[in-house]
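The values are calculated or read from the model by the stated rules, or taken from the named source; none is laboratory data. No experiment lies behind these values; they were computed from the predicted model shown. With ideal geometry, Cβ positions are generated from the backbone for all residues, glycine too; neighbour counts draw on all protein chains shown.
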Amino acid sequence: MSTPLSSLTGPLQRFSVRHATRLPLMVTATLLIAMFSIGSLQYEGFFSAQVLLNVLIDNGFLLVVAIGMTFVILTGGIDLSVGSMVALSTMLTAWLVEQNGVPLALAVPLVLLVGAGGGALMGWVIHAFEIQPFIVTLAGMFLARGLCYMISTESISITDPTTTTIAQTRVLLPGGLFVSPAVVIALVVLALAFGVLHHTRFGRTVYALGGNESSARLMGLPVGRTKVAVYAVSGLCSALGGLLLTFYMLSGYALHAVGMELDAIAAAVIGGTLLTGGSGFVLGTALGVTVLGLIQTVISFQGTLSSWWTRIVIGGLLFVFILLQRLFGGPRADH
Amino acid sequence: MTPPDDTGAGGRPARMPGARRLTEHRLFWPAAALATLLLGNVALTHDFFAVRVQNGHLYGSLIDILQFGAPLVLVSLGMTLVIATRGIDLSVGSTVAIAGALACEHIATAEDPGSLPTVLSAIATALGVAAAIGLLNGFLVARLGVQPIVATLVLMVAGRGVAQLITDGQIISVSSGAYKMIGGGYWLTLPFAVLLAGVLVAVTSLVTRRTALGMLIESVGGNPVASRLVGIRAAGLLVMVYVVSSVCAAVAGLMISSNVSSADGNNAGLWIELDAILAVVIGGTALTGGRFSLGGTVLGALIIQTLSTTIYTLGVPPETTLVFKALVVIVVCLAQSPAFRARLSHRRRPAGPDPAPAAGDAGARRQEVHP
């Protein structure tokens, strides 16, 4: 069944040797510029830096979650629990701060610990018992969402003064522009992730693990420790994303972030990360999140298009990028 | 309904006498779990097993479990075949929503919503579109070699948007007696949905177990390359299982929308793909493919439905079902994991001078995790 495709991709394959991994990234960047240009021509008030910054303000939490997801996907795994984990951390924060009077300074590290711990636990089960990441994180997804409902089936809104003050803070930029503190945090996380992935031994192990796990093991790399760490990073990022979402929404609700795992996966794929692992860029993920955000912006500017178009367009983009990944390099699945 | 079990491509369990042989049977643990759940319910509500006849229809908790479980049984049925080929179909939930939306939209805009031709053409539209969805998934997996989880993710994301597009974001209500029959009607004293699911399970069992089809599917799942080399048209088989999975999901979608006489693009079939995967795994079909048990899947789906019913009976908030499901997933997966079993047997004989190789591996790995 490989014959029709490989005969078709003969010349492309040669091209791909040099550009394979960067092509989706270039396509994404081009897409971003095209979307912004078309938006600017089409709609009044679209062409401004603040519109772009608003995309970040509205999607800062998604960026953080998608960065964690990128780590997992780079090792060839997947984490379906991130959306539920985000919901759980909004719920935990709201419950601790609002209903138990726990100071925010104590609630935040607690929530982050729960996220990282949950992630590490899933990573350990995946590694130690050789169960597919997909099914373990599926259980994690059920568990986290169920725990949300156990805390409360209702939305808990936050009136705590410290939290609301932080939520309303604006970080002013030159030229009358502003962002939220969440954007700053998300960008710091992005920089950290970039540094870790490209300039540390841990980062190289992550790529090696996604490239070929048995080779990595034979090379003596700490496969188990890295796997556990990667899921812990994803859990930590989800918890942090949840905290940012708490500030954005000023509430904890069990139905927050339904389907966010799909958005995070889509952002990573559109950003050029191969779902088979071993190849990708965390900066690409940031571009992917921006593309997703810009789609929502265009749809809200259009006004006549309804919100479900977002899902359809994201699905379509995912389709195109998966085709691109198949055409240019990347190991084929078994069938 | 239960297919003969020992025709799988994998190795047969060794024949053992008596009780040992019974517990070694593939369906033993799912059946035991279901029986335990049902008996637990009898302890909670004494008339749980009572089935009464009213207006010529059977009523009772058991019948409810069958009727509300029928859509899940169908989705899981298709999912079993997909998983047997080492795949996964995440798009079934969206397909459920799309099928319901298409059928209800068709009936709601027809001149005579109650007439049989209208309902039949609505069903045909829904099934046709579902088959196209299956073709697309199959094409991505079989022809382009995309990982199944990724290929079906596309429609999982986009499909629900499409369903909302069809219903225009509204919940479409229909009043059609003929359509109501699929999910809420009775025939020969039994809910029609149960009969329909039963027939489809029986047909699938017959086709996969009485012909070579089941073996071919298992062979593709066991080793796709080897099966291609021996001349099995793996691509065609793969496309077929994805089409079957989508069509099964569409029938489930018709049942769900028919039962509530409305289509909700946003919530119909939400997370049913996960329940279906869970049902398949509980039923003893490994996610690594190569072997499947339709009987196990049916038991698995009924366990999940009974679990939901139990939660309602207990008076616990129904949303917490998710926690119980999570626990079931973890326990079942651990029970199926060779590494976990090896570790357990390793623990049981700590003084053993020469642990089995597998147990030794697990020990080595443990050291690696906590150096």
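Of all residues in the stretch B:54-75, those satisfying the criterion of being touching a residue at least 60 places away in the same chain (Cβ under 8 Å), outside any helix (DSSP H, G or I) and farther than 22 Å from B:Thr313 by Cα are B:Gly56, B:His57.
Here is a yes/no grid of residues against (1) crowded, with 24+ Cβ neighbours inside 10 Å; (2) aromatic (Phe, Trp, Tyr); (3) part of a loop (DSSP other than H, G, I, E, B); (4) within 7 Å of another protein chain (Cβ to nearest Cβ):
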site	(1), (2), (3), (4)
A:Leu262	no, no, no, yes
A:Ser279	no, no, yes, no
A:Ile295	no, no, no, no
A:Ser300	no, no, no, no
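Taking the stretch A:171-189 as the range and being surrounded by fewer than 16 Cβ atoms within 10 Å (Cβ to Cβ) and out of contact with any strand residue (DSSP E or B) (no Cβ under 9 Å at 6 or more places or on another chain) as the test, the residues that pass are A:Pro174, A:Gly175, A:Gly176, A:Leu177, A:Val188.
Screening the stretch B:249-280 for residues that are surrounded by fewer than 24 Cβ atoms within 10 Å (Cβ to Cβ) and hydrophobic (A, V, I, L, M, F, W, C) and picking the one that is farthest from B:Ser91 (Cα to Cα) gives B:Val260.
Here A:Tyr207 meets the list (1) under 22 Å from A:Thr75 (Cβ atoms); (2) among the hydroxyl-bearing types (Ser, Thr, Tyr); (3) surrounded by 18 or more Cβ atoms within 10 Å (Cβ to Cβ); (4) in contact (Cβ under 8 Å) with a residue 60 or more places away in the chain almost entirely, failing just condition (3). If you go through the stretch B:302-339 and keep only what is facing another protein chain (nearest Cβ under 7 Å) and not in a helix (DSSP H, G or I), you end up with B:Pro317, B:Ser337. Residues in the stretch A:147-181 that are assigned to a helix (DSSP H, G or I) and within 19 Å of A:Ala107 (Cβ to Cβ): 13 in all.
Could you tell me which residue of the stretch B:225-248 is surrounded by the most Cβ atoms within 10 Å (Cβ to Cβ), considering only residues that are part of a helix (DSSP H, G or I) and of a type in the set (Val, Ile, Thr)?
Just the residues of the stretch B:225-248 that are part of a helix (DSSP H, G or I), to begin with: B:225-229, B:234-248.
Then drop every residue that is not of a type in the set (Val, Ile, Thr), which leaves B:225, B:239, B:241, B:243-244, B:247.
Working: B:Val225: 10, B:Val239: 21, B:Val241: 28, B:Val243: 20, B:Val244: 23, B:Val247: 22.
Filtering first and then ranking leaves B:Val241.
Any chance the stretch A:210-221 includes a residue that's in a helix (DSSP H, G or I), in contact with a helix residue (DSSP H, G or I) (Cβ under 8 Å, 6 or more places away or on another chain), of a type in the set (Lys, Arg) and closer than 26 Å to A:Ala139 by Cα? No, that holds for no residue. Report yes if A:Gly146 is touching a residue at least 12 places away in the same chain (Cβ under 8 Å), buried (at least 21 other Cβ atoms within 10 Å of the Cβ) and either within 14 Å of another protein chain (Cβ to nearest Cβ) or not hydrophobic (A, V, I, L, M, F, W, C) (or both), otherwise no. Against the criterion (touching a residue at least 12 places away in the same chain (Cβ under 8 Å), buried (at least 21 other Cβ atoms within 10 Å of the Cβ) and either within 14 Å of another protein chain (Cβ to nearest Cβ) or not hydrophobic (A, V, I, L, M, F, W, C) (or both)), A:Gly146 does not qualify.
Does B:Asp6 count as among the acidic types (Asp, Glu), closer than 25 Å to B:Ile304 by Cβ, at pLDDT below 80 and part of a loop (DSSP other than H, G, I, E, B)? Write out each step before concluding.
Working: among the acidic types (Asp, Glu): yes; closer than 25 Å to B:Ile304 by Cβ: no; at pLDDT below 80: yes; part of a loop (DSSP other than H, G, I, E, B): yes.
Here the answer is no, as B:Asp6 does not meet what is asked.
Taking the stated definitions as given, is A:Thr90 crowded, with 24+ Cβ neighbours inside 10 Å and in contact with a Gly (Cβ under 6 Å, 6 or more places away or on another chain)? It is true that A:Thr90 is crowded, with 24+ Cβ neighbours inside 10 Å and in contact with a Gly (Cβ under 6 Å, 6 or more places away or on another chain). Scanning the stretch B:170-220 for residues that are of a type in the set (S, T, N, Q), part of a loop (DSSP other than H, G, I, E, B) and under 23 Å from the mean Cα position of the chain (by Cα) yields one hit, B:Thr211.
Looking at the stretch B:283-296 only, could you name the residues that are under 23 Å from B:Leu206 (Cβ atoms) and not basic (Lys, Arg)?
Hits for the stretch B:283-296 are B:Gly283, B:Gly284, B:Thr285, B:Gly289, B:Gly290, B:Phe292, B:Ser293, B:Leu294, B:Gly295, B:Gly296.
Restricting the first member to the stretch A:266-294 and to residues that are under 11 Å from A:Leu317 (Cβ atoms), and the second to residues that are among the acidic types (Asp, Glu) and assigned to a helix (DSSP H, G or I), the beta-carbon pairs closer than 9 Å and six or more apart or on different chains are A:Leu292/A:Asp263. Restrict the check to the stretch B:257-264 and report whether at least one residue is in a helix (DSSP H, G or I), out of contact with any helix residue (DSSP H, G or I) (no Cβ under 7 Å at 6 or more places or on another chain) and on the phi < 0 side of the Ramachandran plot. Looking through the stretch B:257-264, at least one residue is in a helix (DSSP H, G or I), out of contact with any helix residue (DSSP H, G or I) (no Cβ under 7 Å at 6 or more places or on another chain) and on the phi < 0 side of the Ramachandran plot.
Candidates in the stretch B:49-79 are the residues that are over 23 Å from B:Ala252 (Cβ atoms) and over 25 Å from the mean Cα position of the chain (by Cα); of these, the one that is modelled with the lowest pLDDT is B:Gly56.
Close Cβ contacts (under 7 Å, 6 or more residues apart or on different chains) running from residues in the stretch B:141-153 that are within 7 Å of chain A (Cβ to nearest Cβ) and closer than 15 Å to A:Leu318 by Cα to residues that are among the hydroxyl-bearing types (Ser, Thr, Tyr) and part of a loop (DSSP other than H, G, I, E, B) comprise B:Gln147/A:Thr276. Scan the stretch A:162-209 for residues that are out of contact with any helix residue (DSSP H, G or I) (no Cβ under 6 Å at 6 or more places or on another chain), modelled with pLDDT of 90 or more and among the β-branched types (Val, Ile, Thr) and the total you get is 4. Filtering the stretch B:137-148 to residues that are crowded, with 20+ Cβ neighbours inside 10 Å and part of a helix (DSSP H, G or I) leaves B:Asn137, B:Gly138, B:Leu140, B:Val141, B:Ala142, B:Pro148.
Okay, residues lined up against (1) within 14 Å of chain B (Cβ to nearest Cβ); (2) in contact with a Cys (Cβ under 7 Å, 6 or more places away or on another chain):
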position	(1), (2)
A:Gln42	no, no
A:Val55	no, no
A:Val65	no, yes
A:Leu74	no, no
A:Met85	yes, no
A:Ala94	no, no
A:Val97	no, no
A:Leu113	no, no
A:Met141	yes, no
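The residue that is nearest to the other protein chains (Cβ to nearest Cβ), among those in the stretch B:127-140 that are farther than 12 Å from B:Asp89 by Cα and small (Gly, Ala, Ser), is B:Ala132.
Got at least one residue in the stretch A:231-242 being within 14 Å of chain B (Cβ to nearest Cβ), part of a helix (DSSP H, G or I) and touching a residue at least 40 places away in the same chain (Cβ under 8 Å)? The answer is yes, given that some residue of the stretch A:231-242 is within 14 Å of chain B (Cβ to nearest Cβ), part of a helix (DSSP H, G or I) and touching a residue at least 40 places away in the same chain (Cβ under 8 Å). Looking across the stretch A:298-335, the residues that are in contact with a Pro (Cβ under 9 Å, 6 or more places away or on another chain), more than 30 Å from B:Thr167 (Cα to Cα) and at pLDDT 75 or above come down to A:Leu324, A:Gln325.
Condition (residue is at positive phi, surrounded by fewer than 14 Cβ atoms within 10 Å (Cβ to Cβ) and at pLDDT below 80) applied to the stretch B:310-331: is it met by at least one residue? The answer is yes, given that some residue of the stretch B:310-331 is at positive phi, surrounded by fewer than 14 Cβ atoms within 10 Å (Cβ to Cβ) and at pLDDT below 80.
Residues of the stretch B:154-169 being part of a helix (DSSP H, G or I), more than 23 Å from the chain's Cα centre (by Cα) and more than 7 Å from every other protein chain (Cβ to nearest Cβ), which ones? The answer is B:Ile166, B:Thr167.
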